[in-house]
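**Student:** Please read through the structure below; I'll follow up with questions.
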Amino acid sequence: MLTLEYDGTEFYGWQVQAEGRTVQGVLEAAIARSCGEMLRVTAAGRTDSGVHAEGQVAHFDTRSALGAAQFLKAVNFWLPDDVAVLDCLEVDADFDARSSASSKLYRYRILLSAMRRPLRDRFALRVWRPLDVDAMRGCAALLVGEHDFTSFASEHTETESNVRRIIRSEVLEDGDELHYLVEASGFLYNMVRIIVGTLLMVGKGKFTPADFAGMRQARDRKSAGPTAPAKGLALVQVSYPNDPRGHGRG
């Protein structure tokens, strides 16, 4: 079981592709150099191009004799500077980083600044105009619970059901930033970024809270706002029942 942090800016997402640099690709290459095996790694969430992670979780099966501490040192030696394995644990064979997860927590950072901020623009969406934070906060709260999120999912989503259960959905102020935090048992494709794009339209006065409530009920992607850029989004934490790391909610 690996916990990873990465800057997603220069990656074409998590999943290995025919072309383009991916997090899974560089991690599997580093594991091959560390263990001498070509292995497939499974992640808790397949982050998209440009999306970051502070607490991505992955697992793989190996016959290597390397202990967890030895592996941690070896794999980080071979990984590029924009990816790091933060911890490594041996877990039961039935553990699966994706299917064993009980929830995932994402954060979207919105930087309120009229000026470019070179040290933060890479990881936050900069908005120069004032936002109605109270309206955004009220709309975010409407998403808690089990709902059909068709309006907040890419039209290319391929899933049997667009119903998801959101545990947490809130907008927090942190100095000159707004952080949208959302935790759920699962997400649809581009769901968080579409929610953020729509909340920003509320904050700018383009949609009212009543409009937002109607969007959820409409079950129509065209009724909601645009998809926010990937750079503000990060996978913060993945939780598991009886988490082997000794933290997180089950």
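None of the figures in this text is laboratory data; all of them are computed from the coordinates on show. From a predicted model like this one, the values you see are computed outputs, not experimental measurements. Here Cβ is always computed from backbone atoms with ideal geometry, including for glycine, and neighbour counts include all displayed protein chains.
**Student:** At q = 0.15 Å⁻¹, work out log10 I(q)/I(0) for the range 1-125 with the Debye formula, treating every Cα as an identical point scatterer and leaving solvent out; two decimals please.
**Tutor:** With no solvent term, the Cα-only Debye profile gives -0.71.
**Student:** Need the full-extension length gain, VAL91 to SER113, defined as separation in residues times 0.36 nm minus the C-alpha distance. One decimal, nm.
**Tutor:** 3.5 nm
**Student:** Would you please give the FRET efficiency between ALA210 and HIS179, computed as 1/(1 + (r/R0)^6) with r the Cβ-Cβ distance and R0 = 22 Å, to the nearest 0.05?
**Tutor:** Efficiency for this residue pair is about 0.30.
**Student:** Calculate how many DSSP beta bridges within the chain are antiparallel, expressed in % of all such bridges and rounded to the nearest 5.
**Tutor:** In the chain, approximately 90 percent of DSSP beta bridges are antiparallel ones.
**Student:** While we're here: As I understand it, the value is the acute angle between the Cα axis of helix 23-35 and the longest principal axis of the Cα atoms of the chain; what does it come to in degrees, rounded to 10?
**Tutor:** Roughly 20 degrees between the two axes.
**Student:** Would you list ASP94, ASP48 from fewest to most Cβ contacts within 10 Å?
**Tutor:** Listed from fewest to most nearby Cβ atoms, that is ASP94, ASP48.
**Student:** How would the range 124-250 be classified by its alpha-carbon gyration tensor: rounded, prolate or oblate, with rounded meaning a/c under 1.5 and the a/b versus b/c comparison settling the rest? Spell out each step's value before the answer.
**Tutor:** Working: a/c = 1.78, a/b = 1.20, b/c = 1.48.
Because a/c hits 1.5 or more and a/b fails to exceed b/c, the range 124-250 counts as oblate.
**Student:** For the chain, just run the numbers: alpha carbon Rg, then divide by 2.2 N^0.38 Å, N being how many residues it has.
**Tutor:** Cα-based Rg divided by the globular estimate yields 1.06.
**Student:** For the range 2-100, give the magnitude of the charge dipole about the Cα centre (Cβ charges: +1 Lys/Arg, -1 Asp/Glu; no others), in debye to the nearest 20.
**Tutor:** Dipole size: approximately 260 debye.
**Student:** May I pose another question? Along the charge dipole of the range 103-236, Cβ charges K/R +1 and D/E -1, which of ILE195, SER113, ALA228 sits furthest on the positive end?
**Tutor:** Going by the charge dipole, the pick is SER113.
**Student:** Report, in deg cm²/dmol and to the nearest 500, the calculated mean residue ellipticity at 222 nm for the chain, where each DSSP H run with n ≥ 4 adds -39500 (n - 2.57) and the sum is divided by the residue count.
**Tutor:** On the way: 5 runs with 56 residues, N = 250.
Value at 222 nm, helices only, nearest 500: -7000 deg cm²/dmol.
**Student:** Would you work out the charge dipole size for the chain about its Cα centre, treating the Cβ of every Lys and Arg as +1 and the Cβ of every Asp and Glu as -1, and quote it to the nearest 20 debye? Write out the running numbers ahead of the final one.
**Tutor:** Working: 30 positive and 33 negative charges, 142 e Å.
Approximately 680 debye in magnitude.
**Student:** Starting from the Cα of LYS222, draw a straight line to each of the aspartates and glutamates and keep only those under 12 Å, dropping any in the same chain fewer than 8 residues away.
**Tutor:** GLU155
**Student:** Taking K and R as +1 and D and E as -1, what net charge do the other residues with C-beta under 15 Å from the C-beta of ALA124 add up to?
**Tutor:** Details: positive: ARG107, ARG109, ARG116, ARG117, ARG120, ARG122, ARG126, ARG193, LYS231; negative: ASP7, GLU54, ASP121, GLU173, ASP174, ASP176, GLU177.
That sum, taken over residues with Cβ under 15 Å, equals +2.
**Student:** Another question, then. Report the full-extension gain for the segment LEU39 to LEU66: residue separation times 0.36 nm, less the Cα-Cα distance, to one decimal in nm.
**Tutor:** 8.3 nm
**Student:** Can you list the aspartates and glutamates whose alpha carbon sits under 19 Å from that of LYS206, skipping same-chain ones fewer than 8 residues off?
**Tutor:** Output for LYS206: ASP132, ASP134, ASP220.
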